Amino acid sequence: RGRRASGRAGGGTMAMRGLVVFISDIRNCQSKEQEQKRIDKEMANIRQKFSKPGDLNGYQRKKYVWKILYMFMLGYEIDFGHMESVGLISSPKYSEKMVGYMACSLLLREGDELLRLIINSIKNDLTSQVDNFMCLAMGSICTVGGKEFAETLASDVQKILLDKMTKVFVRKKAALTLLRLYRKNQESVNPLEIADRTLALLDESNLGVLTAIISMVLGFVTFSPEGWERAPQRAIMLLTRIVINKEYSNDYLYYGIPSPWLQIRLLRLITFFPPLDPTHERVLIDRLVTVLERIIKGTDVTKNVNKNNATHGVLFEAINVVIHQGRATDLLPQVVTLLGRFISIREANIRYLGLETMAKLSQHPDCADDIKKHQSTILFSLKDADVSIRRRALDLVYSMCDDTNCRPTISELLSYLANADYNLREELVLKIAILAERFADDYAWYVDVVLQLIKTAGEQVSEEIWYRVVQIITNEEALQKYATQTVFRALLEEPQPADKLVRICAYVLGEFGHLVADERGMSSREQFGALLDHYAGSDLQTRALLLSTFVKLAHVYPELEGDVARTLRASLSALDQEVQQRAIEYSVLSSGRFAELKAAVLEMMPAFPERESAVLKRIKVRVADETGQGRGDVVAERLARQPSGGQRERANSGAAERASGATSGRAASGDLLGGDLDVGGGGGGGGGGVDAM
Amino acid sequence: MIRFVLMVNKQGQTRLAQYVNMHNIEERCALESEVIRKCLSRTETQCSFYEFRGYKVVYRRYASLFFIVGVEGDDENELAILEFIHALVETLDRYFENVCELDIMFNLEKAHFVVDEMLMNGCIIEVRGTNAKRTHARAPERRSACMPAHLSNAH
């Protein structure tokens, strides 16, 4: 095998035999130690050679740098050879220059000091008028170019891009290099200045250049569409040229399709601008519709996998455009049918994309009903063997949930949660919580759902969720009694309740326990007893919360004072700082000297002010982490847009967190509840607790 | 934006690694091994995309070598990337005449050239195999130095 490969690599006598031999040596090493030894030997050799740079000719330097690169790729740390690479860049010989640039791109990182040294070389190459050198230079800008590069080199690159004489393959690179520089430093390029001339370049017939330029325009437009308003028009005309008029050279046919990548980019570009206006842009819309129809109708399933992928890639992009344009085109119904078919197809890739696109579609109010027809298929996909598909299905279920189908959807999701795999769980829990809150017509049901969540997946339930429940209970007087009963009963039933359950119970009983004290099995003693049972086994945060509850209970029920005092005393020297502090402060507070202060501190919590849901914020962050920027916003945005049906927004989690700790006598900093509430005003909101004594 | 292109074999050995933003060596090793592990654990019937650490990973297996592309952000069409991988393989195939893993290993620099021609700044710029090859043929030295004569003429 080695012989055959090195024969081919030879090709001529000038190939770097030294490199080939080195690679064979490494491959023949039997063990890691042997390999390490060989590598060390080589590194020592090269180091020695580099210490006498005058003795090396270009060829040798090149060879050594390639060896270094190879070792680097294998995973060994390289701490020398950088200067030689930089030196090679200024060589007039193409092959040496090339390896110099490549080494710098691979070994150096953006922001490295050494990069400053090469800026000048790059500038020389850019202005050298030698095509290959210009390309190399631009290539390296794209890999390691940073802000400094942008300042110095942007104008040179711009010139290359817009110059009429630039060769095709150079212009391509110039377009993308300029984009890179712009991304690094927006000041270095002025889009308004170049927009018109760039769009004029689109008359070019070479599809490769067009692809590069469109990618560049897309990049610019992501920052701001200003200056590029003519772009959608151009895009549509280009699409017409390619798809309808078939004006392209056969060079660019990919399995019979003219440059699918270009088509995809053009379609995507259209979605970055506002949908076309039917009254003013009728002609444009008609052209667009012609193209889209041709694409949609012309896509068949073929035997050839690659052709299939390419045509469907374009098709999905076209579908995105249809969705984006909304009612301007009349193609929505067709699209919905297509997607409906896709999500049950056997081929996994198409199913995946079908589900993903349908999630985008579900943002459209018109299509909601059509999508619901496929509900059973979608729910079935939740159980697909492929985790990627399950994720997409979950997204879709989440975005298509609305008033009419929320209850069955949520029960389905809850039963799915019981068997869901680990990495989906946290997201699933968050989504269920959000959906339940949004579409709850009856808050009692909402409380049930969250309790169920805690019971099934206690650990994945984040803090924000139970804070949210508490806030809602606090704000809805009618709910309080039911909630307290249910939560308490849940605690009693579980032999080993999750910490979150204990916490929620502790807080709720502390605030509203008096509402249920008359019920059987729920007397004050029983409340205290149940909570005390779990005290020792709970984690520190829960214990801290429990202490707060105990002191509240003692305040309301004098008969418990003795037991509570005993519990507090036992914790006076607890190791955890929070627990100890609370124990001490509460003991002192209850000692009788501070009756008034105590009454004020232990009053019931008032209603929380309105603010953005922290749970919603949390899911944006979480989904963005998991899937990259765009997706999270889409889902959360839709919920934000939906009418909340008269539900009030609740305060954010930070407030609740401090609220649960607020009953310690600490001076309520203005930060309590985010500073919207002054402590004095609290009395009006919930005086009930004290009065109920 | 394409963030990385990897060619990794089934034993987890990286044959080619091109990153748009360089990470340090430990991160890269960790990333590469995670990625290949996930690819290996997926079956033929599952789809070719999965999500990993904020990237969307598109992969395709050719014999013993996995071609893996990591994309960040929402602006890439997955099927386009899949076909880009195929176009890349076709180009390598034409360049090396029935390319195999060994070819890539021993001709690392040429494999890098090809990838560099087709990908720039995280965007796909050239997918015509002959065009990518032609650009390399232009480099006068390289024509004599590296490429057998028949390849440079066989557009």
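The values are calculated or read from the model by the stated rules, or taken from the named source; none is laboratory data. Everything quoted here is computed from the prediction, not taken from an experiment. So basically every Cβ, Gly included, is an ideal-geometry build from the backbone, and we count neighbours across all protein chains shown. Keep in mind that these areas ignore ligands, DNA and RNA; they rest on the heavy atoms of the full protein, side chains included. Shrake-Rupley method; radii C 1.70, N 1.55, O 1.52, S 1.80 Å.
Tabulated data for the structure shown
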item	result
Odd one out for B:E34, checked against (1) open to solvent by 50 Å² or more (accessible area, probe 1.4 Å); (2) under 19 Å from A:R27 (Cβ atoms)	(2)
Those residues of the range A:84-95 which are open to solvent by 20 Å² or more (accessible area, probe 1.4 Å), more than 8 Å from chain B (Cβ to nearest Cβ) and either in contact (Cβ under 8 Å) with a residue 12 or more places away in the chain or more than 22 Å from A:G54 (Cα to Cα) (or both), in sequence order	A:E84, A:G87, A:S90
Test for B:R3: is it open to solvent by 30 Å² or more (accessible area, probe 1.4 Å), within 12 Å of another protein chain (Cβ to nearest Cβ) and basic (K, R)	yes
Any helices (runs of 4 or more DSSP H) falling wholly within the range A:357-473 and containing at least 3 residues that are charged (D, E, K, R)	A:368-372, A:387-400, A:422-439
Failed item in (1) out of contact with any Asp or Glu (no Cβ under 8 Å at 6 or more places or on another chain); (2) closer than 24 Å to B:V114 by Cα; (3) assigned to a loop (DSSP other than H, G, I, E, B), with A:M165 passing the rest	(2)
Scan of the range B:37-59 for residues that are of a type in the set (D, E, K, R) and either more than 10 Å from chain A (Cβ to nearest Cβ) or assigned to a helix (DSSP H, G or I) (or both), ordered by number	B:R37, B:K38
Test: residue in the range A:287-303 that is out of contact with any Leu (no Cβ under 6 Å at 6 or more places or on another chain), open to solvent by less than 20 Å² (accessible area, probe 1.4 Å), in contact (Cβ under 8 Å) with a residue 40 or more places away in the chain and under 24 Å from A:I160 (Cβ atoms)	no
Any hit, the range A:55-63, residues being among the hydroxyl-bearing types (S, T, Y), under 21 Å from A:G145 (Cβ atoms) and in a helix (DSSP H, G or I)	no
Residue within the range B:77-88 that is more than 9 Å from chain A (Cβ to nearest Cβ) and open to solvent by 10 Å² or more (accessible area, probe 1.4 Å) present	no
Residue within the range A:332-340 that is within 12 Å of chain B (Cβ to nearest Cβ) and open to solvent by 10 Å² or more (accessible area, probe 1.4 Å) present	no
Residues of the range A:225-275 classified as open to solvent by less than 20 Å² (accessible area, probe 1.4 Å) and either at pLDDT below 80 or of a type in the set (A, V, I, L, M) (or both), total	15
Top-ranked residue in the range A:115-143 [being assigned to a helix (DSSP H, G or I) and of a type in the set (V, I, T); ranked as surrounded by the fewest Cβ atoms within 10 Å (Cβ to Cβ)]	A:I119
Cβ-Cβ under 8 Å pairs, at least 6 apart or on other chains, the range A:487-500 side among the aliphatic types (A, V, I, L, M), far side in a loop (DSSP other than H, G, I, E, B) and crowded, with 18+ Cβ neighbours inside 10 Å	A:A490/A:P497; A:L491/A:P497; A:A498/A:V461
Any hit, the range B:54-76, residues being crowded, with 18+ Cβ neighbours inside 10 Å, over 20 Å from B:N21 (Cβ atoms) and out of contact with any strand residue (DSSP E or B) (no Cβ under 6 Å at 6 or more places or on another chain)	no
